[in-house]
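I have placed the structure first, in the form of structure tokens, so that the comments after it can refer back to it.
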Amino acid sequence: MSVNGEAVRIGTGTDRTDEPGWEVDPDDDWALAVIATVGRQLRLRREATGMRVCDFAVAVGYGEDLVYKIETGKRIPRPEYLDTADEVLGAGGLIAAMKEDVKKVRYPKKVRDLAQMEGRAVEIGLYVCHSISGLLQTADHARAAFESRQPAYSQEEIERMVAARMDRQAIFQKDPAPTLGFVLEEAPLRRPLGGTMVWRAQLEHLLEVGRLRCVTLQVMPTRCEVHPGLDGKIELLKFEDGSAVARCEGAFNGRPVSDSRQLRIVELRYGTIRAQALPPRESLAFIEELLGET
């Protein structure tokens, strides 16, 4: 079937919004509430215009089954779906404005929770053992990392996770920005993930971020025989009220902790790692040397 000479997607299973990654996580109460509200508003707007589901589906270019799923809160609508629905229903931008709320629930709950904590923190310390910290990755580097996973993610899922990772980096634009400390292992910096051009762009990005006033970037050289981070990632977030939360993959079963005794252990490990890593100035010089070798 066509409308104005353009093919219309009718049916279930071929709609792009029906691909993996657009379903609502049944354990994510906030996402369920947001998508249910969006779906209800779409249905009320449609009914107010007197349009039946079949007519609306043709007008927006999606299948009836998908329209039902979105209106009943079982599917996350794409941004372009909301834009088209706003135009078809003459909502004057009210439906399109819901894209911001929908955008947030597109990201996995654990990513949203992490971004929320990072947004409240006044000091963040991160050590990453086997990769470059997500807060420091370029989009192409992140995409290459996600594409390397097995079993493979769908392209839709990859783009979803890349977008979430890039959005977290808004933390660098905060004013005032939190104090950010990163310790990266030498080995991942030498891995040309994504090819030479992606690798070069990633090293250039590290140099750019590492020169920010709010950032301390250090490299742990492979010649360092042993240090307290060999078990994996360490995260330490401190907040304005004096509280803190930390996670250390080699302690407390990798669970986040906020107890003062447990925090001291994580702080001891992270502090020792920073002391053993190259100083910030030498670390940037080291990355510049790597860039010159590419």
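The values are calculated or read from the model by the stated rules, or taken from the named source; none is laboratory data. Please read all numbers here as calculations on a predicted model, not as lab measurements. Positions of Cβ are generated from backbone atoms using ideal geometry, with glycine treated the same way; all protein chains shown enter the neighbour counts.
Pick out the one residue from Val67, Val111 that is closer than 30 Å to Glu240 by Cα, outside the structural domain of Leu189 (by TED's automatic domain parsing) and at pLDDT below 95.
Going through Val67, Val111 in turn, the sole match is Val111.
I need the full set of residues from the range 198-223 which are over 24 Å from Lys174 (Cα atoms), in contact (Cβ under 8 Å) with a residue 24 or more places away in the chain and loosely packed, with under 14 Cβ neighbours inside 10 Å, in order please.
Thr222
Scan Glu282, Glu288 and give me the residue that is in a helix (DSSP H, G or I), surrounded by fewer than 18 Cβ atoms within 10 Å (Cβ to Cβ) and touching a helix residue (DSSP H, G or I) at 6+ places or on another chain (Cβ under 7 Å).
Glu288
So which of Glu240, Glu235 is in the same structural domain as Leu184 (by TED's automatic domain parsing), touching a strand residue (DSSP E or B) at 6+ places or on another chain (Cβ under 8 Å) and surrounded by 16 or more Cβ atoms within 10 Å (Cβ to Cβ)?
Only one candidate passes the filter, namely Glu235.
In this structure, does Arg247 turn out to be surrounded by 15 or more Cβ atoms within 10 Å (Cβ to Cβ), in contact (Cβ under 8 Å) with a residue 24 or more places away in the chain and among the charged types (D, E, K, R)?
No: the conditions fail for Arg247.
Quick one: how many residues across the range 157-187 are surrounded by 14 or more Cβ atoms within 10 Å (Cβ to Cβ) and in a helix (DSSP H, G or I)?
Count: 16.
Could you grab me the full set of residues in the range 150-191 that are among the small types (Gly, Ala, Ser) and either closer than 20 Å to Lys104 by Cβ or in contact (Cβ under 8 Å) with a residue 12 or more places away in the chain (or both)?
Selection gives Ser154, Ala163, Ala164, Ala170, Ala177, Gly181, Ala187.
Taking the condition at pLDDT 90 or above and touching a Phe, Trp or Tyr at 6+ places or on another chain (Cβ under 6 Å), does Arg40 pass?
Against the criterion (at pLDDT 90 or above and touching a Phe, Trp or Tyr at 6+ places or on another chain (Cβ under 6 Å)), Arg40 does not qualify.
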